[in-house]
1. Taking interchain pairs and intrachain pairs at least six residues apart, which have beta carbon atoms under 8 angstrom, with the first residue in the stretch 122-133 and within 14 Å of F87 (Cβ to Cβ) and at pLDDT 95 or above and the second in a helix (DSSP H, G or I) and open to solvent by less than 20 Å² (accessible area, probe 1.4 Å)?
2. May I ask you to say which residue of G130, G105, G122 is out of contact with any Pro (no Cβ under 6 Å at 6 or more places or on another chain) and more than 20 Å from I15 (Cα to Cα)?
3. Look at the stretch 31-42 and say how many of its residues are of a type outside the set (F, W, Y) and touching a Ser or Thr at 6+ places or on another chain (Cβ under 9 Å).
4. Among the residues of the stretch 69-82, is there at least one that is at pLDDT 95 or above, over 13 Å from the mean Cα position of the chain (by Cα) and loosely packed, with under 13 Cβ neighbours inside 10 Å?
5. Applying the selection to the stretch 47-60, what residues are touching a Ser or Thr at 6+ places or on another chain (Cβ under 7 Å) and either free of Cβ contacts under 8 Å to residues at least 40 places away in the same chain or small (G, A, S) (or both)?
6. Yes or no: the stretch 98-120 includes at least one residue that is open to solvent by 50 Å² or more (accessible area, probe 1.4 Å) and closer than 27 Å to K17 by Cα.
7. Only residues in the stretch 63-89 that are in contact (Cβ under 8 Å) with a residue 60 or more places away in the chain count as the first member; pair them with residues that are surrounded by fewer than 20 Cβ atoms within 10 Å (Cβ to Cβ) and β-branched (V, I, T), Cβ under 7 angstrom, at least 6 apart or cross-chain, and list the lot.
8. Tell me, which residue of the stretch 1-59 that is open to solvent by 60 Å² or more (accessible area, probe 1.4 Å) and part of a strand (DSSP E or B) is nearest to N140 (Cα to Cα)?
Amino acid sequence: MKAEKSKSAEAQMLIRKPVAEVFNAFIDPDVTTQFWFTKSTGKLETGKQVTWAWGMYGVSSPVVATVIKENELITIDWGSPATTVDFNFKPMEDDATYVEIQHYGFNKTGEELIAAIKDSTGGFTTVLDGLKAWLEHGINLNLIADKFPKGK
């Protein structure tokens, strides 16, 4: 069954780096850990399951890349029960890249669905903000760790 994309979270950002570099930032955990999760069991490869972990929260999630089109698209099944995330990469002028993320396939309805979409939209916006800071300026802003600080 194809997941319904109309009930989705979306985030987007212009990153002033070439598309190959931005695309790789989501494939290679040595880069991704600088702005998103803290550990991965490996690089994204089509059909291979990896586990992403956020050490500061003591949580992890299974991830399977179902589609990888170099410098264009990464589609993953994420979590359990799995939802789908599309990362689209569009080359722009001046060696910049426009990244669009769409997260869909939620198994919720009503207020729970609205809450899941809001949470995902905020989370992926934070991911893109961290990506921009890391790739453009070499700064790890600790955005993910600071989103839900201890004692909040």
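The values are calculated or read from the model by the stated rules, or taken from the named source; none is laboratory data. This is a predicted model, so every value here is computed, not measured. Cβ atoms come from the backbone with ideal geometry, glycine included; neighbour counts cover every protein chain shown. Remember, those area values only see protein heavy atoms, side chains included, never the ligands or the DNA or RNA. Shrake-Rupley method; radii C 1.70, N 1.55, O 1.52, S 1.80 Å.
1. Final answer for the pair search is L131/V22; L131/A25.
2. Values: G130 fails: more than 20 Å from I15 (Cα to Cα); G122 fails: more than 20 Å from I15 (Cα to Cα).
Going through G130, G105, G122 in turn, just one is out of contact with any Pro (no Cβ under 6 Å at 6 or more places or on another chain) and more than 20 Å from I15 (Cα to Cα): G105.
3. Keep residues of the stretch 31-42 that are of a type outside the set (F, W, Y), which gives 31-34, 38-42.
Restricting the remaining residues to those that are touching a Ser or Thr at 6+ places or on another chain (Cβ under 9 Å) gives 32-33, 39-42.
So the answer is 6.
4. Checked the stretch 69-82: at least one residue is at pLDDT 95 or above, over 13 Å from the mean Cα position of the chain (by Cα) and loosely packed, with under 13 Cβ neighbours inside 10 Å.
5. Listed by number, the residues that qualify are V50, T51, W52, A53, G55, S60.
6. Yes, that holds for at least one residue.
7. Filtered contacts from the stretch 63-89: T84/T75.
8. K39
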